[in-house]
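Colleague: Pasting in a structure now, in structure tokens, and then I'll have a few things to ask.
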Amino acid sequence: MNNPIKTIGVFTSGGDAPGMNAAIRAVVRTALYNKIEVVGICRGYEGMIDGEFIRLESHSVSNIIQRGGTFIKTARSERFHTAQGRKQAYENIKKENIDAIIAIGGDGTFRGALAFNQEYNTPIVGIPGTIDNDLFGTDFTIGYDTAINTVVEAVDKIRDTAGSHDMLFFIEVMGRDAGFIALRSGIAVGAEDILVPETTTRVEDLVNKLRFDRRNNKTSGIIIVSEGDDLGGAYKVAEQVKMKCPEFQTRVTVLGHVQRGGNPSCMDRVLSSTMGYEAVLALLDGKSGVMVGIINKQIALTSFEKATKHHQEINKEMLEMARILSL
Ligand code: F6P
């Protein structure tokens, strides 16, 4: 079969996630194996608009599978929201002879890709790269596993202090719109409660639970709070609890961007490698406007429209389980 794709452009966009480098490596090596050249588009859509391109050879991606971040850089682009920005980007990729694109990022990235795909005929396939794990069409996104392991490592350390001083810690984790990081890491650290954006947080309920714990001789505690929780983050929750229970010694830790860095876990490296490989195969198979995902261990392609419009649902039963297990 005559393959019309001679050059693939690859970029990372939005918040970085551990495993993005491994995905770029897989894209480059799979493309070269199929006699396709690869151009790295630096700083995501910003670099597409400004024409920042680098040729990627096999050796360009040596020794990066284990590194966090993204060596071709990433950015959030306001300009790509405009038709003018997308036009400029299209003209640049044409000039660079890029016939197809692989976009690695989260929902913002795929909303941009969807708009581009509707306006221009360059095939584009996405790879879900975000620590938030909030994309519909895949069980796991690149970076999520590493991020939750980072949270677990940090919270285990905080537990030592909480226990030694009889303190109640409110630990804020990332996730503006989704509680996946909070839920899974919260279960793994045995948190006394997990507050996520998907459910309404009632201070009264939280206080009752904490008082119950005290009566049961728990002298310290860990509350995991998603940054997007409806009460407004760990500081706000801690303040409200402290007002109702001045006897508790409270502390707040915001884990912040430490969650986005670090060497990708084994799971993230394998996920990134598989998705990078499959994204190239999808382009060779004539696919466009879709995100590569893995659902129940099977490769699945989901349209950008679906991947961005429907959020992956949080498992509320697991929240309930976490509460029971912490009693
Ligand atoms: O989407 C990934 C993410 O880390 C979110 O969890 C977080 O809300 C956001 O990015 C933070 O973005 P920034 O680094 O631009 O402040």
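Colleague: So E172 passes all but one of these: (1) charged (D, E, K, R); (2) touching a helix residue (DSSP H, G or I) at 6+ places or on another chain (Cβ under 9 Å); (3) assigned to a helix (DSSP H, G or I). Which condition number does it fail?
Modeller: E172 satisfies all of (1) charged (D, E, K, R); (2) touching a helix residue (DSSP H, G or I) at 6+ places or on another chain (Cβ under 9 Å); (3) assigned to a helix (DSSP H, G or I) except (3).
Colleague: Continuing with this model, one more query. For L301, work out the one condition from (1) outside the structural domain of V151 (by TED's automatic domain parsing); (2) outside any strand (DSSP E or B) it doesn't fulfil.
Modeller: Of (1) outside the structural domain of V151 (by TED's automatic domain parsing); (2) outside any strand (DSSP E or B), only one is false for L301: (2).
Colleague: From the set of residues in the range 221-243 that are assigned to a helix (DSSP H, G or I) and among the aliphatic types (A, V, I, L, M), which is farthest from the chain's Cα centre (by Cα)?
Modeller: In this case the residue turns out to be M243.
Colleague: Then there's this: Considering only residues that are hydroxyl-bearing (S, T, Y) and not in a loop (DSSP other than H, G, I, E, B), look in the range 48-87 and name the one that is farthest from the chain's Cα centre (by Cα).
Modeller: Initially, the range 48-87 is screened for residues hydroxyl-bearing (S, T, Y), giving 58, 60, 62, 70, 74, 77, 82.
Retained after the next criterion (residues that are not in a loop (DSSP other than H, G, I, E, B)): 58, 60.
Values: S58: 26, S60: 25 Å.
Filtering the range 48-87 for residues that are hydroxyl-bearing (S, T, Y) and not in a loop (DSSP other than H, G, I, E, B), the one farthest from the chain's Cα centre (by Cα) comes out as S58.
Colleague: Does A103 satisfy the condition of being small (G, A, S), farther than 13 Å from S13 by Cα and modelled with pLDDT of 95 or more?
Modeller: It is false that A103 is small (G, A, S), farther than 13 Å from S13 by Cα and modelled with pLDDT of 95 or more.
Colleague: Out of N149, N121, N133, report the one residue that is open to solvent by less than 10 Å² (accessible area, probe 1.4 Å) and either within 16 Å of the ligand (Cβ to nearest atom) or not in a helix (DSSP H, G or I) (or both).
Modeller: Numbers: N149 fails: open to solvent by less than 10 Å² (accessible area, probe 1.4 Å); N121 fails: open to solvent by less than 10 Å² (accessible area, probe 1.4 Å).
Within the list N149, N121, N133, the selection yields N133.
Colleague: Mind listing whichever residues of the range 310-327 are assigned to a helix (DSSP H, G or I) and in contact (Cβ under 8 Å) with a residue 24 or more places away in the chain?
Modeller: K316, M318, L319, M321, A322, R323, L325, listed by residue number.
Colleague: Oh, and also: Of the residues that make up the range 249-263, is at least one assigned to a helix (DSSP H, G or I), touching a residue at least 40 places away in the same chain (Cβ under 8 Å) and open to solvent by less than 10 Å² (accessible area, probe 1.4 Å)?
Modeller: Yes - at least one qualifying residue is present in the range 249-263.
Colleague: Filter the range 171-220 down to residues that are hydrophobic (A, V, I, L, M, F, W, C) and more than 27 Å from the chain's Cα centre (by Cα) and give me whichever is farthest from the ligand (Cβ to nearest atom).
Modeller: F212
Colleague: A follow-up question, please. Given (1) charged (D, E, K, R); (2) within 16 Å of the ligand (Cβ to nearest atom); (3) touching a residue at least 40 places away in the same chain (Cβ under 8 Å), where does R269 come up short, assuming only one miss?
Modeller: (2)
Colleague: Collect the residues in the range 157-174 that are among the acidic types (D, E) and either farther than 11 Å from I224 by Cβ or not assigned by TED's automatic domain parsing to the domain that holds C245 (or both), keeping them in residue-number order.
Modeller: Once the filter is applied, which keeps residues that are among the acidic types (D, E) and either farther than 11 Å from I224 by Cβ or not assigned by TED's automatic domain parsing to the domain that holds C245 (or both), the range 157-174 yields D160, D166.
Colleague: Out of (1) at pLDDT below 95; (2) within 16 Å of the ligand (Cβ to nearest atom), the odd one out for D16 is which?
Modeller: Looking at each condition in turn, D16 falls short on (1).
Colleague: Out of G126, G143, I need the residue that is within 16 Å of the ligand (Cβ to nearest atom), at positive phi and of a type outside the set (K, R). Which one?
Modeller: Exactly one of G126, G143 is within 16 Å of the ligand (Cβ to nearest atom), at positive phi and of a type outside the set (K, R), namely G143.
To keep it simple, each residue is scored yes or no on (1) without any contact (Cβ under 8 Å) to a residue 60 or more places away in the chain; (2) farther than 29 Å from H310 by Cβ; (3) among the β-branched types (V, I, T); (4) open to solvent by 10 Å² or more (accessible area, probe 1.4 Å).
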site	(1), (2), (3), (4)
I142	no, no, yes, no
D145	no, no, no, yes
K157	yes, yes, no, yes
S164	yes, yes, no, yes
M174	no, no, no, yes
D177	no, no, no, yes
I181	no, no, yes, no
G186	no, no, no, no
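Colleague: So how many residues does the range 90-108 have that are closer than 15 Å to G40 by Cβ and not acidic (D, E)? Don't jump to the end; show me each part of the working.
Modeller: So the first thing to find is which residues in the range 90-108 are closer than 15 Å to G40 by Cβ, and the list is 92-93, 96-98, 100-105.
Those left that are additionally not acidic (D, E): 92-93, 97-98, 100-105.
Count: 10.
The values are calculated or read from the model by the stated rules, or taken from the named source; none is laboratory data. Since the structure is predicted, the reported quantities are computational estimates derived from the model, not experimental observations. Cβ: placed from backbone, ideal geometry, glycine included. Neighbour counts: every protein chain shown. With ligands, DNA and RNA removed, areas are computed over all heavy atoms of the protein, side chains included. Shrake-Rupley method; radii C 1.70, N 1.55, O 1.52, S 1.80 Å.
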